[in-house]
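> Got a structure here, written out as structure tokens. Questions coming.
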Amino acid sequence: MRFGNPSRYRFVSLGSGPLADTLSKTDVRMHRIEGGTLAAVSQLRQLLQTEREVLLHAHGPRMNILAALATRRHRVPWTSTIHSHPAYDFLGSSLKSRLYPKLHMWSLKQAMGLFIVQSSLAEVLPTRTVLDVPNAVDLPPLSRGRAECAALWRDRLGIAQDARLIGVAARFDPVKNLDVLIRAMARLQTQNAHLLLAGDGEMRQSLEQLAVREGVADRVHFLGFLSGMADFYGAIEIHVLPSKSEGTPFCILEAGTYGAANIGSDIPGLRALLKDGRAGVLTPVGDAGALATDMDTLLQREDERTRYVNAFSQLVLPDFAPQKMLEAYERGYTVLEEDILRFRQFTRSS
């Protein structure tokens, strides 16, 4: 099997979504899997049976679990790319948080090897072969200046033209700690600051209610999912990601690319990405008061924001060129290929 041959790749989507819809309009071979867990496992098994030699590369906790179940009968080798600590993937539900992390870790034990976007994740994964791969960022330039982007968003939101804009693009999941960010907004000394939340998820209603209780509903704006994020990042002065766990979040890379200063929680993934505080501010996890102080400081000091943006451009972005990601995957597939050959020899003899 030649991993570098594009004709050997097929994209499998669990249902519909923006990525699947985009790929359906290209020449990429794509297969949609529909239905619940049992139906999805059955469909994935049928698909794997049609391929003579295959390495399944899953992505995301649910797909990892499906991959482990679907490949067991025919002993198909599979891998996955892990972006965050598996223990934090199902915090939105008390039942799921007790069951699914254990099931997810069981599934990862079945993988041939795993790719990771942040080296500290290797310590918590149950596979012997762990392969580093960077995220990649390849974004178009802003179509207008940052001042114009900010003016456009202020007009859309109906807020004053001197309003200061803070933002984050994230799924509304407990691991993102967006409740801490809203509480920090209530503690800001900068009174004309507004928070733009791009994204959606199961926590939206509770976050909206929290903004009301904290008295900042008029300064916290829920934007929903956005397409074409350049103007959003071009408008905000500060991008804040207060997560409990992250690998290498793309939103940090996008924000830094488009000139927003980054604040991230002081966790291994963000500490590495922000170069131990040289390319962005690191703030204590879950501390709304400290986060408010850090946001106030950056809002009040343009020189600090400029310094972080320049450092991010010089120290961080060169590590995330698309070619580096592709080369890392090719190296990883080469490492896995020998394991796969041994695996197939074993399955033929058993």
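The values are calculated or read from the model by the stated rules, or taken from the named source; none is laboratory data. Keep in mind it's a predicted model, so treat the numbers as computed, not measured. Here the Cβ is made from the backbone with ideal geometry for all residues, glycine too, and neighbour counts use every protein chain on show. Surface accessibility is based on the protein's heavy atoms, side chains included, excluding ligands, DNA and RNA. Shrake-Rupley method; radii C 1.70, N 1.55, O 1.52, S 1.80 Å.
> Report the rotationally averaged projected area of the chain based on its alpha-carbon convex hull, in square nanometres.
On the way: hull surface 72.6 nm².
Reported value for the Cα convex hull: 18.1 nm².
> Still on this structure: Quote to one decimal, in nm, the extra length available between LEU139 and LYS102 on full extension: 0.36 nm per residue of separation minus the C-alpha distance between them.
Values: separation 37, 0.36 × 37 = 13.32 nm, distance 3.67 nm.
Extra length available between LEU139 and LYS102 comes to 9.7 nm.
> Based on DSSP, what percent of beta bridges with both residues in the chain are antiparallel, to the nearest 5?
5 percent
> Quick query: amide H of THR283 versus all other amide H atoms, modeled in the peptide plane; which residues come in under 5 Å with a sequence gap of 5 or more or a different chain?
Correct list: GLY264, SER265, ASP266.
> Still on this model: Let me test this: with uniform point scatterers at the alpha carbons of the stretch 121-257, what is the Debye-based log₁₀ I(q)/I(0) at q = 0.16, 0.18, 0.19 1/Å?
One equal scatterer on each Cα of the stretch 121-257 leads to -0.86, -1.05, -1.14.
> If you don't mind, there's one more thing I want to ask. Using Cα pairs closer than 8 Å and at least 6 residues apart in sequence, work out the relative contact order for the stretch 213-350, in percent. Present the calculation step by step, with values, prior to reporting the outcome.
Values: 142 pairs, mean separation 26.4, N = 138.
Contact order relative to length: 19 percent.
> In the chain, how many lysine pairs have Cα atoms under 19 Å apart, counting only pairs 8 or more places apart or on different chains? Walk me through the intermediate numbers first.
Details: LYS96/LYS176; LYS96/LYS244; LYS102/LYS244; LYS176/LYS244; LYS244/LYS275; LYS275/LYS324.
For the chain, qualifying lysine pairs total 6.
> Note down the nm distance, to one decimal, between modelled labels 7 Å out along Cα→Cβ at ARG10 and at GLU202.
In this crude label model, ARG10 to GLU202 measures out at 3.1 nm.
> Hey, what do the phi angles of the stretch 188-199 turn into as Karplus ³J(HN,Hα) couplings, whole Hz, using 6.51/-1.76/1.60 and θ = phi - 60°, x for Gly and Pro?
Result, rounded to whole Hz: 5, 7, 6, 6, 9, 8, 10, 9, 10, 9, 9, x.
> Could you work out [θ]222 nm for the chain from helices alone, using -39500 (n - 2.57) per DSSP H run of at least four and dividing by all its residues? Round to the nearest 500 deg cm²/dmol.
Numbers: 13 runs with 151 residues, N = 350.
-13500 deg cm²/dmol, from helical runs alone.
> Accessible area per residue, 1.4 Å probe, Å², for the stretch 116-161: what's the number?
On the way: 2570 Å² over 46 residues.
Here the per-residue accessible area is 56 Å².
> Identify, among ALA184, GLN205, PRO249, the residue whose Cα sits farthest towards the positive end of the charge dipole of the stretch 167-249, taking +1 on the Cβ of Lys and Arg and -1 on the Cβ of Asp and Glu, with the dipole about the Cα centre.
Of ALA184, GLN205, PRO249, it is ALA184.
> 5 Å is the cut-off here: which amide hydrogens, built 1.01 Å from N in the peptide plane, fall below it relative to VAL220, excluding neighbours closer than 5 in sequence?
Those lying under 5 Å, H to H, from VAL220 are LEU195.
> Now, a different point. When ranked by the protection proxy of mean other Cβ atoms within 10 Å per residue, highest first, what sequence do the peptides 32-42, 147-157, 79-89 form? Don't skip to the answer; put the middle values down first.
Numbers: 32-42: 13.6, 147-157: 15.5, 79-89: 21.7.
Put in order of decreasing packing, that is 79-89, 147-157, 32-42.
> I would also like to ask the following. Net charge within 9 Å of LEU210 by Cβ-Cβ distance, Lys/Arg positive one each and Asp/Glu negative one each, not counting LEU210 itself? Provide the component values of the computation, followed by the final result.
Numbers: positive: ARG183, ARG213; negative: ASP179, GLU208, GLU214.
Taking every Cβ under 9 Å from that of LEU210, the sum is -1.
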